[in-house]
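Student: My questions will all concern the structure given below.
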Amino acid sequence: MPFAVSGTTITQSGIDTNLSGLASLPEVSASTFGGHTVYSIAAHTLAITGTLDIDPETEELFFGTGVPLQTLSVNSGGILNVGSEIDVGANLNRFSGGTFVRFARTSGSGFRETDASLRVNGGGTLNWFGGALFTSNVVAFMENANVNIFSQQAQLISQRSGLQIRQRSENTDIRGLITRGFFMTLIA
């Protein structure tokens, strides 16, 4: 099974081309509205050790207020692909839109990496083509993480002021991230 639960952590392993495997876990509830499925996780973190694709046009993750810190982590060997580049014909492409994750928790630091809502650890890879991330906590790209952000359809939206993007990795290719709110980038 690609998704497994141990304590307060859900671990994704193997290859998942969407989030549907989460629906089989009692710790996750899934609701579909107009073809868009929201996977709600009330009290667990999600650690990616395999390959996980999220299509923000059809699905999103929602983490409740009771989740532990370091809510969504991409660990060594893990790959998180968010959205895609879509061929619309006539040699034209567009990038995915919509929301791919929302974090309801407002406690924790806006700058400490240990409180990150999204944390890409060393050896982990984030390929972000498009979709929005709503957070009230720091976002951290750690040493030796691979971070590729391909379009201005990739949006990082602050739900409170004073948040930071902590970028420690030199393995970054950022071609169009839009931030909304009071984000500050620190390269340490």
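Student: Hey, can you find the accessible area per residue of the chain for me, probe 1.4 Å, expressed in square angstrom?
Tutor: Details: 8060 Å² over 188 residues.
Here the per-residue accessible area is 43 Å².
Student: Which FRET efficiency value, to the nearest 0.05, is calculated for D87 and Q152 with the Förster distance at 22 angstrom and r the Cβ-Cβ distance?
Tutor: Details: r = 18 Å, r/R0 = 0.83.
Calculated transfer efficiency: 0.75.
Student: Below 15 angstrom from the Cβ of S76, what's the summed charge of the other residues (Lys, Arg +1; Asp, Glu -1)?
Tutor: Once all neighbours under 15 Å are counted, the net charge is +1.
Student: How many percent of all Cα-Cα pairs in the stretch 1-86 sit more than 16 Å apart? Before the final figure, lay out the partial values.
Tutor: Working: 1837 of 3655 pairs.
Taking all Cα-Cα pairs of the stretch 1-86, the fraction more than 16 Å apart is 50 percent.
Student: I want the local charge near F33. Using Cβ-Cβ distances under 15 Å, sum +1 for each Lys or Arg and -1 for each Asp or Glu among the other residues. Let's see the in-between values first.
Tutor: Numbers: positive: R102; negative: E57, E59, E60.
Overall, the nearby charge balance is -2.
Student: I want to check the label-to-label distance for A43 and T58. Put each point 7 Å from Cα in the C-beta direction and report it in nm to one decimal.
Tutor: Distance between label points: 3.2 nm.
Student: Quick one: length gained pulling S29 to R112 fully straight, 0.36 nm per residue minus the C-alpha distance? Walk me through the intermediate numbers first.
Tutor: Details: separation 83, 0.36 × 83 = 29.88 nm, distance 2.95 nm.
Answer, rounded to one decimal: 26.9 nm.
Student: When Lys and Arg each count +1 and Asp and Glu each count -1, what net charge do the other residues less than 15 Å away from L61, Cβ to Cβ, add up to?
Tutor: Working: positive: R102, R105, R119; negative: D16, E27, D53, D55, E57, E59, E60.
Within the 15 Å Cβ shell, the charges total -4.
Student: Calculate, for N18 and R175, the FRET efficiency according to 1/(1 + (r/R0)^6) with r their C-beta to C-beta distance and R0 25 Å; round to the nearest 0.05.
Tutor: 0.50
Student: Heavy atoms only, 1.4 Å probe, whole protein assembly: order E60, E170, E85 by accessible area, highest first. Kindly include the intermediate steps, with their values, before the conclusion.
Tutor: Values: E60 20, E170 170, E85 100 Å².
These residues rank, largest area first, as E170, E85, E60.
Student: Can you give the longest run of the chain that contains no trypsin sites (Lys or Arg not before Pro) sitting in a DSSP loop with at most 16 other Cβ atoms inside 10 Å? Could the numbers behind the result be given before it?
Tutor: Details: sites that count: R112, R160, R175.
Formally, the longest exposed-site-free interval is 1-111.
Student: Moving on to the next point. Run the accessible area of the stretch 85-137 with a 1.4 Å probe and give the carbon-and-sulfur part as a rounded percent. Please list the in-between numbers first.
Tutor: Numbers: 1040 of 2000 Å².
Answer for the stretch 85-137 is 52 percent, counting heavy atoms of protein chains only.
The values are calculated or read from the model by the stated rules, or taken from the named source; none is laboratory data. Note that this is a predicted model, so its numbers are computed, not measured. Reconstructed Cβ throughout: ideal geometry from the backbone, glycine too, with neighbour counts over all protein chains shown. Heads up: the accessible areas ignore ligands, DNA and RNA and are worked out on the full protein's heavy atoms, side chains in. Shrake-Rupley method; radii C 1.70, N 1.55, O 1.52, S 1.80 Å.
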